[in-house]
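K.L.:
After the C-alpha cells below, expect a handful of questions from me.
The values are calculated or read from the model by the stated rules, or taken from the named source; none is laboratory data. Please read all numbers here as calculations on a predicted model, not as lab measurements. Ideal geometry is used to build each Cβ from the backbone, glycine not excepted, and the neighbour counts take in all protein chains shown. These accessible areas exclude ligands, DNA and RNA; they are computed on the full protein's heavy atoms, side chains included. Shrake-Rupley method; radii C 1.70, N 1.55, O 1.52, S 1.80 Å.
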Amino acid sequence: MTTLNTPDLNLPRLPRDQDGPVFAEPWQAQAFALAVNLSEQGRITWKEWAEALAEELKAAADRGEPDDGSCYYEHWLAALERLVIAKGLSNPDAMRERKEAWADAYRHTPHGKPVELRDSSR
C-alpha cells in the first residue's frame, strides 16, 4: 500500500493510516491527487467534492453494495468524473475515448513495461 501525506482532509471514510491516506493501487493515488489538484486550482471545492462523493456512496449503499472499503476509490473516481463533466472540464465522449485509448495501450504493453499513451492531439 502507498500513503500520501496531504493536508487534513475531512472526507468521509477515507482509508488512512497514521501517515495519511492509504492506496492499494497506483490509480487510486492518482485519482486522489487529481481531486486535490483540482481543488488547489479552484476548479472544485471540497464541499462540492464531499457532497458528490457522499451521493456516490449512498447510491452504492442503496444498490446493496458492501460498505467494506473495497470499492471506495471506484466511488471516488465516479464522483470525480461526474464533477469534471458538470464543471465542463471534460465531456463524456472525451473521457470515454481516453479510457478506450488507455485500455488499448494497456493490452498492447508487454508485462513489466510502463503503459504509454500516444498524444491524442496528433
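K.L.:
Just the number please: accessible area per residue for the stretch 51-122, 1.4 Å probe, all protein chains included, in Å².
P.N.:
Spelled out: the 1.4 Å probe surface of the stretch 51-122, per residue, equals 75 Å².
K.L.:
Between Arg63 and Asn37, with labels modelled 7 Å along Cα→Cβ, what's the label distance in nm to one decimal, could you check?
P.N.:
For the pair Arg63/Asn37, the computed spacing is 2.7 nm.
K.L.:
Now, a different point. How far apart, in nm, are the 7 Å Cα→Cβ label points at Ala86 and Glu74?
P.N.:
2.2
K.L.:
For His111 and Gln30, calculate 0.36 nm times their separation in residues minus their Cα-Cα distance, and state this gained length in nm to one decimal.
P.N.:
Contour length minus the Cα-Cα distance gives 27.1 nm.
K.L.:
Whole Å is fine, so just give me how far the alpha carbon centre of the stretch 84-122 lies from that of the stretch 30-69.
P.N.:
21
K.L.:
Additional query: Sticking with the crude label model, points 7 Å out along Cα→Cβ, report the distance from Ala54 to Lys99 in nm, one decimal please.
P.N.:
Taking the simple label geometry, Ala54 and Lys99 are separated by 2.6 nm.
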